[in-house]
Amino acid sequence: MLHGLMMQMPLTIASLIEHADRHHGDAEVVSRRVEGDIHRTTYRELNRRSRQLADALGRSGIGAGDRVATIAWNGYRHLELYFAVSGAGRVLHTINPRLHPEQIAWIVNHAEDRALCFDLTFLPLVEAIAAHCPTVRHWVLMSDRAHMPAASKIPDLLCYEELLASGSDSFVWPEFDENTASSMCYTSGTTGHPKGVLYSHRSTVLHSLAAALPDALNVSARDVILPVVPMFHVNAWGLPYVAPMVGCKLVLPGPHLDGKSLYELFEAEKVTCSAGVPTVWQGLLAHTEASNLRFSTMNRTVIGGSACPPAMIRLFEEKYGVHVLHAWGMTEMSPLGTACTFKSKHLGQSAEEKLRLQTKQGRVLYGVDMKIVGDDGQDLPWDGKAFGDLLVRGPWVLREYFKGEGGDPLKTDAAGRDWFPTGDVATIDADGYMHITDRSKDVIKSGGEWISSIEIENIAVAHPAVAMAACIAARHPKWDERPLLVVMKKPNAEVTREQLLAHYEGKVAKWQVPDDVVFVDAIPLGATGKMLKTRLREQFKDYRLPTA
Ligand code: AMP
């Protein structure tokens, strides 16, 4: 093969913030701090402080490849760590604080984190686990001297601002192989221990380039982005990298994720685009609905992490004029795989047809390839009807878990190409729009026929009295499994079991209608805001259906 004669410039994370500094130096990064106030900085200042922090970390003995963990909200100091740690060839390990403390300690030990930086909110949590984390040499409280506790159970607790000040801002980002590890996240596995996903500079930069495209998240220098999705949930879906790459203003909400605080920030900072899981928008919409508010600048929002109910898409689109961008991905995919944007041929369609299309998870971003296969591993047709296991491949898709945990996760096809099995069950239509019917573990198998729990839930939450609904399999002597609908009502709303079951008439086949409805005060949510169906299945494992 003849090699091309172009420069070999490595794709590195530091190049993103360098670019933002040079070309969008005055674009703002606004954070609501844990301390309560609003903080303003720019990409220029953020790059300067990140370089200073990178130098300080080096002086404290954090070497190439060392893992530096964070337990922090979305804020500018967390963003500085994103660049300071990865930019200098170390690995940023973002930890989800909503996990059980024992699980957090397990993750820290498994990753062999050398330093752990955390927000003031998490001081009690970190104090509880510190003694169980022998690999950590530096504990850094992400605040200034004035907010440091008078005493702490953590010996030699460092103050972030003092640590940063000990570095020099004449530090220059080093260049290195783009395949160097940059960051890691652990997947909150439903069974067994969490598994580490180790991203590289190359995978992160390629993912950012693809994510910013018009048919993906469509972000530009003219946007103001507020990621509600936490920086500990798959790197806030890549937005902390995409924002400096395109040079848009970035607004970080800190710990204040309730509807009222978010709405105020959207309006005050003239946010144009946001991103988060459906449960977050439920909180926001409850606030705007109750106070009859409208968004003056927000024109679109990315919704993913779990299926976005059609009723939510409709409300955003029709009442608020906010375009919903339904997207799908997973930790193992950095995370973006698909986004639901229209093709030219859809533009003339009716509003109803467009809404129907938007409930699908969408088309793949260039770079990701996908297919669906049956139980025999054979490819299934793209007809929008056949459903099977969804497999993906691409330069920002995982090849192997950290430390080889769980063995080889890939499946090799006849042509010798490796595919990552997502664990999702989906259809793909002739236009390439993928639609998740279920997580394979959540599918309900009734007499050999599959019932999509997502479809049943979407219908339930379209009922005005329903706040949240989960459909799980309950054991049945004849059919093996039958759907049981678990419902959390809206405050002060009334609906009976019979009314809810009648609500399914004409919407699904008779045999897909749940056999029973149970009302609960709350539906348990996992660490990333998704319904914890494993917990519900456990809770209702002995449930006796009236039809049994
Ligand atoms: P995680 O790695 O924790 O982000 O979880 C990834 C999983 O979340 C996927 O494999 C899907 O099961 C689910 N998921 C993510 N986005 C969507 C979506 N838009 N619709 C349905 N399920 C989704």
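Need one word for the stretch 412-489: rounded, prolate or oblate. Basis is the Cα gyration tensor (sqrt eigenvalues a ≥ b ≥ c); a/c below 1.5 gives rounded, then a/b vs b/c decides.
oblate
Near Lys260, which aspartates and glutamates are there with a Cα under 13 Å away, not counting those fewer than 8 places off in the same chain?
Glu289
Rounded to two decimal places and with Rh computed the Kirkwood way over Cα pairs, what is Rg over Rh for the chain?
0.97
Two-decimal Rg/Rh of the stretch 12-77 from alpha-carbon positions, Kirkwood Rh? Write out the running numbers ahead of the final one.
Details: Rg = 13.3 Å, Rh = 13.3 Å.
Answer for the stretch 12-77: 1.00.
PRE reach from Ser350 (point 7 Å along Cα→Cβ): which of the stretch 307-329 fall under 17 Å by backbone N?
Within reach of a label on Ser350, which here means backbone N under 17 Å from a point 7 Å along Cα→Cβ, the stretch 307-329 contributes 314, 318.
What number, in nm² with one decimal, is the all-direction average of the projected area of the convex hull of the alpha-carbon atoms of the stretch 79-237?
11.5
For His93, enumerate residues with amide H under 5 Å from its amide H, sequence gap 5+ or separate chain, H modeled in the peptide plane.
So His93 has HN proximity to Val68, Ala69, Thr70, Met184.
For His476, list long-range residues whose amide hydrogen, built 1.01 Å from N in the peptide plane, is under 5 Å from its own amide hydrogen.
Here the answer is Glu481, Arg482, since their amide H atoms fall under 5 Å of that of His476.
Within the chain, what percent of beta bridges assigned by DSSP are antiparallel, to the nearest 5?
Numbers: 49 of 85 bridges.
Antiparallel bridges make up about 60 percent of those DSSP assigns within the chain.
Report the extension gain between Thr297 and Ala268 in nm, rounded to one decimal, defined as 0.36 nm multiplied by the number of residues separating them, less their alpha carbon distance.
Gain in length upon complete extension: 9.5 nm.
With +1 assigned to the C-beta of every Lys and Arg and -1 to the C-beta of every Asp and Glu, and no other charges, what is the dipole magnitude of the chain about the Cα centre in debye, to the nearest 20? Numbers along the way, then the final one.
Working: 57 positive and 64 negative charges, 84 e Å.
Dipole size: approximately 400 debye.
Which entries of Lys195/Lys441; Lys249/Lys441; Lys489/Lys541; Lys195/Lys385 have Cα-Cα distances beyond 29 Å here? Walk me through the numbers before you get to the answer.
On the way: Lys195/Lys441 18 Å; Lys249/Lys441 40 Å; Lys489/Lys541 22 Å; Lys195/Lys385 33 Å.
Cα-Cα > 29 Å for Lys249/Lys441; Lys195/Lys385; rest within.
When Rg is the radius of gyration of the Cα atoms in the stretch 440-529 and Rh is its Kirkwood radius, what does Rg/Rh come to?
Ratio of gyration radius to Kirkwood radius for the stretch 440-529: 0.96.
What distance in nm separates the two pseudo spin-label positions at Asp480 and His147, each 7 Å out from Cα along the beta-carbon direction?
Placing both labels 7 Å beyond Cα along the Cβ direction yields 5.4 nm.
Whole-Hz Karplus ³J(HN,Hα) for the stretch 369-375, in order, using 6.51 cos²θ - 1.76 cosθ + 1.60 and θ = phi - 60°, x for Gly and Pro?
10, 9, 7, 10, 10, x, 4
For the stretch 481-531, taking Cα atoms only, what is the radius of gyration to one decimal and the Dmax to the nearest whole Å?
For the stretch 481-531, the Cα radius of gyration and maximum Cα-Cα distance read 12.7, 36 Å.
Cα-based Rg of the stretch 208-285 per 2.2 N^0.38 Å, rounded to two decimals?
Expressed relative to 2.2 N^0.38 Å, the Cα Rg reads 1.04.
Find, to one decimal place in angstroms, the Kirkwood hydrodynamic radius of the stretch 140-194, where the mean of 1/r is taken over every pair of different Cα atoms and then inverted.
One decimal place: 15.4 Å for the Kirkwood radius.
Looking at the stretch 120-229, what % of its DSSP beta bridges pair antiparallel, to the nearest 5? List each step's numbers first, then the result.
Values: 6 of 8 bridges.
The answer is about 75 percent antiparallel.
Just so you know, all these numbers are worked out from the coordinates, no wet-lab data involved. Keep in mind that this is a model prediction, so the values were computed, not measured. Because the Cβ atoms are built from the backbone with ideal geometry, glycine has one as well, and the counts that use them run over all protein chains shown.
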